[in-house]
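Take a look at the structure below.
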Amino acid sequence: MHRRFIAATCALALALATVSLAACAPEQVAEEPAAPQDPAPLVIGTLPTEDMLPLWVAEERGIFAELGLDSVEIVTFQAAQERDIALVAGEIDAFMGDIIAAAQLEAAGTPVTIATIMLGSTPAEGRFGIVGAPETGYNELAALAGVPIATSMNTIQEYVVDGLMRQAGVDPADVVKEDVAKVPVRFDLLMQGQLQAAALPEPLLSLAEAEGATLIADDTTGENISQTILGFSDVYLAEPGGVETLLALLSAWDAGVEIVNEDPNAWRDLLVDKARLPEPVKDTYEVNVYPTAQIPTAEQVNAVLAWMTEKEMLQNRVTYEDLVLLTP
């Protein structure tokens, strides 16, 4: 379905349902927009992270049912690769991920559309950081020039490492990385002193600090480096009810965001259950506030695409317009 057609369908659905947002998806040409459909069944794939909290809250509070989303299933995967395989196979219709994952799927022949940012509309949301192992004495990024930093290569975590080092003025030629793909393994090796420095996402970043690692830098200040996103399969959006489901889910997201942001700490237990919030930090971890539904900017997406192109990560050229539906 062609993106212009989907855009028109979205506009019609927005007018009829009074839902405020513009984001949907592509592929096959049609002459006139079809009549809006009822929301279709939906399976969302996620990792066990805090990014999904507003949707878990919406599910728990019955907001899905109130919005006609009577058949929404949230499936948790332990690895991003498993999630992506499920999307390609049609086992899930939407996914919590990041711009890198969306671009890789698009370039590999599985078109997707980014519906909203989940965390990262501001630098304070969704913290990534670089920590030094206990007793190493590292306290600034410049001191890590030439020191191996453990991360997961060709992922958003490596992108953040490059961004933080660039912000600190470290010559890219002096940035050395060690590939340790599994975050829990990376955390354990760091705390055992087998790694000197590592990039970690939350909540393991807070856990590392609590257990003696030194926070050298994070991405909560300065320029906005990373965003996590909710993406939809274009095949799903081309099906009857797909666009309407996207719009209704974004309305559910906003309702969940409002509830969470009123009292973030009230949702600790849900994070412990759903996002594997570690026991040592479950009472002190700072629960995020979340953004209302909004698409990433061209600047945010193009910065990621430029980095991926430089690293030869894309099988085919991908543009902002391929990933994010613009208003017609």
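The values are calculated or read from the model by the stated rules, or taken from the named source; none is laboratory data. Remember, it's a predicted structure, so these values are computed and weren't measured experimentally. Cβ coordinates were reconstructed from backbone atoms using ideal geometry, including for glycine residues, and neighbour counts include every protein chain displayed.
Here are the numbers:
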quantity: Looking only at the range 108-120, and only at residues there that are among the aliphatic types (A, V, I, L, M) and surrounded by 17 or more Cβ atoms within 10 Å (Cβ to Cβ), the one that is farthest from residue 290 (Cα to Cα); calculated: 112
quantity: Residue list for the range 225-251, filter: charged (D, E, K, R) and over 15 Å from residue 322 (Cα atoms); calculated: 239, 244
quantity: Condition met for residue 148 (surrounded by fewer than 19 Cβ atoms within 10 Å (Cβ to Cβ), at pLDDT 95 or above and not assigned by TED's automatic domain parsing to the domain that holds residue 97); calculated: yes
quantity: Extreme residue, surrounded by the most Cβ atoms within 10 Å (Cβ to Cβ), among residues of the range 299-328 that are among the hydrophobic types (A, V, I, L, M, F, W, C) and free of Cβ contacts under 8 Å to residues at least 24 places away in the same chain; calculated: 303
quantity: Unmet requirement for residue 195, which otherwise passes all of (1) over 21 Å from residue 49 (Cα atoms); (2) touching a helix residue (DSSP H, G or I) at 6+ places or on another chain (Cβ under 6 Å); (3) surrounded by fewer than 20 Cβ atoms within 10 Å (Cβ to Cβ); calculated: (3)
quantity: Verdict on residue 271 being crowded, with 18+ Cβ neighbours inside 10 Å and either in contact with a Gly (Cβ under 7 Å, 6 or more places away or on another chain) or modelled with pLDDT under 95 (or both); calculated: yes
quantity: Residue selected from the range 126-157 under the condition touching a residue at least 60 places away in the same chain (Cβ under 8 Å) and under 25 Å from residue 233 (Cα atoms), by the criterion farthest from the chain's Cα centre (by Cα); calculated: 154
quantity: Selected residue [under 20 Å from residue 105 (Cα atoms) and either touching an Asp or Glu at 6+ places or on another chain (Cβ under 8 Å) or assigned by TED's automatic domain parsing to the domain that holds residue 246 (or both)] from 323, 271; calculated: 323
quantity: Residue ID - surrounded by the most Cβ atoms within 10 Å (Cβ to Cβ), chosen from residues in the range 215-267 that are of a type in the set (A, V, I, L, M) and not in a helix (DSSP H, G or I); calculated: 229
quantity: Residues being under 18 Å from residue 297 (Cβ atoms) and in a loop (DSSP other than H, G, I, E, B) - total across the range 76-128; calculated: 7
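To keep it simple, each residue is scored yes or no on (1) closer than 30 Å to residue 189 by Cα; (2) without any contact (Cβ under 8 Å) to a residue 60 or more places away in the chain; (3) surrounded by fewer than 21 Cβ atoms within 10 Å (Cβ to Cβ); (4) not assigned by TED's automatic domain parsing to the domain that holds residue 274.
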residue: 38; (1), (2), (3), (4): no, no, yes, no
residue: 48; (1), (2), (3), (4): yes, no, yes, no
residue: 61; (1), (2), (3), (4): no, no, yes, no
residue: 64; (1), (2), (3), (4): no, no, no, no
residue: 72; (1), (2), (3), (4): no, no, no, no
residue: 76; (1), (2), (3), (4): yes, no, yes, no
residue: 90; (1), (2), (3), (4): no, no, yes, no
residue: 99; (1), (2), (3), (4): yes, no, no, no
residue: 106; (1), (2), (3), (4): no, no, no, no
